[in-house]
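The values are calculated or read from the model by the stated rules, or taken from the named source; none is laboratory data. The structure displayed is predicted, hence computed values, not measured ones. Note that we place each Cβ from the backbone using ideal geometry, even for glycine, and neighbour counts take in every protein chain shown. To get the accessible areas, we keep the full protein, side chains included, count just its heavy atoms, and leave off ligands, DNA and RNA. Shrake-Rupley method; radii C 1.70, N 1.55, O 1.52, S 1.80 Å.
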Amino acid sequence: MTWQAIVFLFVSSLAFGYSGYRFSLLLKMMSRQQGKALRLDRIPERIITTIANVLGQRAVLEKKAAGMMHATIFWGFLVITIGTVEQFVTTVYPPAHFEFIGPIAYSVLVWIQDIFTLAVLLAVSYACYRRYILRPEGLGKSKDAAIVLTLTGSLMVSILLMNGFRILGESPWWMEMMPISHRIASFLGRWGFSPELCLNLSTFFKWVHMLIVLGFSVYIPSSKHLHILAAGPNTFFKTLDREKGMKPINFENESVQQYGASKITDMSWKDTLDLYSCTECGRCQDLCPAYNTQKPLTPKMLILDLKSNLYRNQDKILAGKYDEVSSVIDTQVTDDVIWSCTSCRACEIACPVFIEHTDKIYDIRRNLVMMESRFPAEVQPVFKNMENNATPWAFSSADRANWAEGLSIQTMAQNPEIDVLLWVGCAGSYDDRNKKVLRAFASLLKKAGVKFAILGTEEKCTGDPARRIGNEYLYQTLAKDNIEVLNKYQVKKIVTACPHCFNTIKNEYKDFGGNYEVFHHSEFIAKLITEGKIKPTKTVEETVTFHDSCYLGRWNNIYDQPRSVLKSLPAINLVEMKSHHDQSLCCGAGGGRMWMEETLGKRINVARTEQALASNASIVASSCPFCMTMITDGVKTQEMQDKVKVMDIAELIDQATPS
Amino acid sequence: MNIYVCIKQVPDTETKIKLNPNQSGIDTTGIKWIVSPYDEFAVEEALRLKEKNPGSTVTVLSAGPSRVIEAIRTALATGADQGIHIEIPETADNHLTAKALAGALKKETQVDLIFTGKEAIDDGASQVSQLVAEYLHLPCVSVVNSIQYGNQTVQCKREIEGGSIEILESSMPVLIAAQKGLNEPRYASLPNILKAKKKEVKSLKLGDIGVSEADQKIRYKNFQLPPPKQAGKKISGDPTAQAKELVRILHAEAKVV
Ligand code: SF4
Ligand code: SF4
């Protein structure tokens with residue numbers, strides 16, 4: 001055995017031994033998590049998603065320049081690693097050269113490696129330029145990044161020098177296939193070193209390269225570059241559907257003593273994998289309405305803070321001393337952080353490695369609310385109202401159907417022979433502005449000849465506000481009551497003008513035995529228009545901008561239907577705000593924030609209204625009762641109510657449709 | 001310390017009250033019952049006192065038809081230890097209610113403190129707390145919005161006419177009737193809600209405590225709903241004419257001047 005082989009075997013076993021040990025600890029911590037998450041369904045789909053996003057870098061490339069930079073480094077890393085492995089193998093056993101794959105294949109391989117060495121070097125330069133000169137806010141400062149960029153750059157330089165000197169020293173046939181290294185060689189040739197010296201220098205740089213690689217492997221487990229290993233599996237195990245419901249809790253199971261997450265160990269292994277996967281890219285933070293209005297929450301820091309909480313508790317977790325694990329709420333993750341979230345899901349949609357931030361926030365809220373009764377004081381009457389009157393506001397359940405007075409709308413009790421059930425929701429039932437929306441939508445349904453009915457006083461709040469605030473117990477009580485009534489009438493189809501009701505009835509009631517075909521009114525109206533049952537004929541010579549509701553857009557992927565509904569209005573001028581579709585800015589009401597005071601930072605509804613006003617629209621079209629309230633308030637705050645109207649899409653279509 | 005709280009179950013504040021067909025009482029069908037909000041302050045005060053004095057117990061009492069057990073359970077879910085239900089008819093008056101509560105309390109071996117709300121929000125009579133104290137020969141401080149606990153004494157603050165604050169000191173045992181502002185009642189945590197289902201609620205009949213229905217002093221004959229709110233009237237014209245018209249209406253129509 002050569003001295004090189006001996007030294008390499010010694011150093012590499014130290015390095016790989018150490019990093020292997022670190023990885024085993026990380027894996028062990030994952031397996032010690034108490035929460036549940038089992039995702040082994042739909043394997044083919046998972047494989048395809050993983051290939052597209054890992055090998056294809058699909059989500060990463062959502063951002064053009066930074067995405068290309070990352071993809072180049074990643075692809076380069078793949079091909080160059082083949083060379084690195086070859087280096088390792090031949091250092092130990094020189095004859096095991098990869099030339100055995102055949103001269104053509106081998107030529108192509110080394111050519112690609114050579115090209116990528118330069119490409120990666122350029123990408124690293126761009127990364128430095130972006131990080132240190134452009135300095136996008138989301139990136140923040142990172143020692144990790146500086147170390148990794150230096151190491152990656154040095155790796156590429158060492159490869160080029162190793163190859164350059166080798167060409168000057170011996171130049172085997174396949175090195176002809178390395179255009180970049182040849183340039184380097186001709187540059188290095190100026191010094192006129194002897195071939196022997198050149199070969200020694202080449203060996204020197206080979207060692208520099210190998211040692212950096214080994215150093216990397218030691219460094220990865222404790223850095224943000226853990227994502228190199230974690231992001232792939234995290235993609236594989238991600239929630240596949242856009243329409244994800246919150247995971248239900250089984251309150252019947254008496255062995256469960258802890259609801260929600262009070263400690264990091266109460267979360268699931270998938271949550272831990274999420275934490276391992278974060279690349280600190282800041283894409284989540286860039287779009288977060290809370291962060292952008294100076295609230296203490298940033299989804300990126302939330303993930304990093306939870307990760308450091310996990311690491312701080314590593315010894316206790318590994319020793320199985322769960323009782324001693326510190327609270328998940330600490331000086332970084334404060335109550336205010338947890339209550340600032342609007343559950344708009346912009347963070348999750350933006351995250352290139354599919355981290356699910358909202359799951360963790362909800363889990364922590366569940367513990368605060370159900371275990372500790374700890375939540376903003378103004379929420380208590382909301383829970384009480386929901387318990388006593390089945391609505392978050394202080395209204396009598398006996399008055400639920402008052403909005404429909406004089407419209408001769410039948411209830412299911414009066415006439416269960418219907419095409420579709422109109423689910424009114426609490427805002428449509430009690431809020432004066434939104435009652436008008438419901439009246440307009442009911443009028444549209446009549447014009448289209450749709451046979452519909454309402455549940456009347458048998459309808460209750462869907463429970464959604466309670467669920468998002470963390471009161472799963474109250475949510476399930478209401479959801480089960482509603483499902484019982486819906487199933488009693490054998491309801492098959494439901495239409496609602498509220499995206500929150502829509503989301504929970506469609507995606508979450510099925511966990512409790514409620515299976516229905518559920519439509520948001522934007523989908524329903526779009527369908528009626530396509531079928532020719534509604535023909536808006538009156539011209540609307542207005543500039544209209546559409547505000548995306550989070551629970552319609554990001555949670556249910558419905559962006560086009562409300563826009564196509566609006567486009568059916570003759571002469572309408574539809575414009576987009578600065579942020580729209582999946583990049584849209586939340587109105588501030590989601591995640592139960594509708595019922596909480598907003599005392600920190602700028603008001604989110606004002607930020608969104610500013611975008612709406614900047615679009616110069618005279619009408620802001622909404623498709624959600626809470627957005628309606630928030631944007632209407634925002635317009636009033638800006639004293640623009642005489643110039644700009646906020647209207648629901650149903651009202652606009654109803655006005656333009658003759659009876 | 002043995003702490004007792006008397007609570008009443010009342011219709012939810014948003015209930016649309018209807019009368020039963022013969023107008024002898026309200027129609028209770030479909031009513032959502034809650035713990036009277038002032039009684040929630042009383043329960044909360046008892047719980048906080050218990051938390052400060054480990055080893056104390058909080059017992060919740062309510063007199064009424066069997067539906068009021070649900071109100072006792074609600075109080076147990078916030079952390080009270082046990083309940084006592086005294087069965088009295090739906091039509092009981094304040095005297096019978098107070099006798100029943102006092103009768104049950106007399107059977108307890110040691111009573112250190114009794115809390116109640118300053119009034120129930122259904123009939124708003126503010127009678128029962130004083131009557132209970134009277135029947136038990138205990139001092140009573142009502143409409144209390146702050147309490148300081150000493151050794152076997154309490155110092156209570158209550159707001160009186162003109163925004164002044166009256167401070168009263170009493171020895172224990174004492175009955176204290178809570179006013180809004182005394183504390184912020186908690187929201188029951190789920191483990192406590194689940195535990196409450198298993199806590200003991202003792203049931204007593206009037207006979208068990210030496211009280212009889214004959215102790216009722218008031219019989220209700222007839223209930224009437226307040227007349228429906230009329231639409232507002234707008235008086236127009238110049239100020240003098242408006243003033244004249246207003247006086248005329250107050251005199252001739254509303255008959256108040
Ligand atoms: S869901 Fe929205 S508000 Fe909550 S952390 Fe994510 S981006 Fe921010
Ligand atoms: S959570 Fe996702 S989007 Fe946010 S910084 Fe980490 S990797 Fe980037």
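Worth pointing out:
- Counted residues, segment B:15-30 - those being over 28 Å from B:Q130 (Cα atoms) and either assigned to a loop (DSSP other than H, G, I, E, B) or free of Cβ contacts under 8 Å to residues at least 60 places away in the same chain (or both): 9
- Test for A:V337: is it within 22 Å of B:S189 (Cβ to Cβ), within 16 Å of ligand 2 (Cβ to nearest atom) and surrounded by fewer than 24 Cβ atoms within 10 Å (Cβ to Cβ): yes
- Filter result for B:I147 (β-branched (V, I, T) and within 23 Å of B:D81 (Cα to Cα)): yes
- Residue satisfying condition, being of a type in the set (F, W, Y), more than 24 Å from A:G20 (Cβ to Cβ) and surrounded by fewer than 17 Cβ atoms within 10 Å (Cβ to Cβ), within set A:Y259, A:Y322: A:Y322
- Residue check: A:N434 meets all listed conditions (1) without any contact (Cβ under 8 Å) to a residue 24 or more places away in the chain; (2) under 32 Å from the mean Cα position of the chain (by Cα) but one, namely (1).
- Residues that are assigned to a helix (DSSP H, G or I), open to solvent by less than 10 Å² (accessible area, probe 1.4 Å) and touching a residue at least 60 places away in the same chain (Cβ under 8 Å) within segment A:285-314 comprise A:P289, A:A290, A:L310, listed in sequence order.
- Top-ranked residue of segment B:167-221 - restricted to ones that are among the basic types (K, R) and away from every other protein chain (no Cβ under 14 Å), ranked as most open to solvent (accessible area, probe 1.4 Å): B:K221
- Residue within segment A:347-360 that is open to solvent by 10 Å² or more (accessible area, probe 1.4 Å), more than 10 Å from ligand 2 (Cβ to nearest atom), more than 14 Å from chain B (Cβ to nearest Cβ) and within 26 Å of A:R32 (Cα to Cα) present: yes
- So A:S125, is it of a type in the set (G, A, S), open to solvent by 60 Å² or more (accessible area, probe 1.4 Å) and assigned to a helix (DSSP H, G or I): yes
- Enumeration of residues in segment A:375-404 that are open to solvent by 40 Å² or more (accessible area, probe 1.4 Å) and more than 9 Å from chain B (Cβ to nearest Cβ): A:E378, A:P381, A:W393, A:N402
- Of the strands (runs of 3 or more DSSP E) that lie entirely inside segment B:121-218, those containing 1 or more residues that are among the acidic types (D, E) span B:153-159, B:165-171.
Every residue, every condition in (1) over 27 Å from A:E651 (Cα atoms); (2) surrounded by 19 or more Cβ atoms within 10 Å (Cβ to Cβ), yes or no:
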{"position": "A:T462", "(1), (2)": "no, yes"}
{"position": "A:Y475", "(1), (2)": "yes, yes"}
{"position": "A:K506", "(1), (2)": "no, yes"}
{"position": "A:E531", "(1), (2)": "no, no"}
{"position": "A:K535", "(1), (2)": "no, no"}
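- Candidate set from segment A:237-285 (those that are within 14 Å of chain B (Cβ to nearest Cβ) and of a type in the set (F, W, Y)); member that is farthest from ligand 1 (Cβ to nearest atom): A:F251
- Only one of B:D27, B:D12 that is in contact with a helix residue (DSSP H, G or I) (Cβ under 8 Å, 6 or more places away or on another chain), within 30 Å of B:Q224 (Cα to Cα), surrounded by fewer than 21 Cβ atoms within 10 Å (Cβ to Cβ) and within 14 Å of chain A (Cβ to nearest Cβ): B:D12
- Residue within segment A:362-381 that is outside the structural domain of A:Y475 (by TED's automatic domain parsing), part of a helix (DSSP H, G or I) and touching a strand residue (DSSP E or B) at 6+ places or on another chain (Cβ under 8 Å) present: yes
- Residues in segment A:207-237 that are open to solvent by less than 30 Å² (accessible area, probe 1.4 Å) and within 18 Å of the chain's Cα centre (by Cα): A:H227, A:A230, A:A231, A:G232, A:N234, A:T235.
- Residue that is modelled with the highest pLDDT [pool: residues in segment A:230-249 that are of a type in the set (G, A, S) and more than 14 Å from A:I47 (Cα to Cα)]: A:A230
- Number of residues in segment A:128-145 that are of a type in the set (S, T, Y) and either assigned to a helix (DSSP H, G or I) or within 16 Å of ligand 1 (Cβ to nearest atom) (or both) equals 2.
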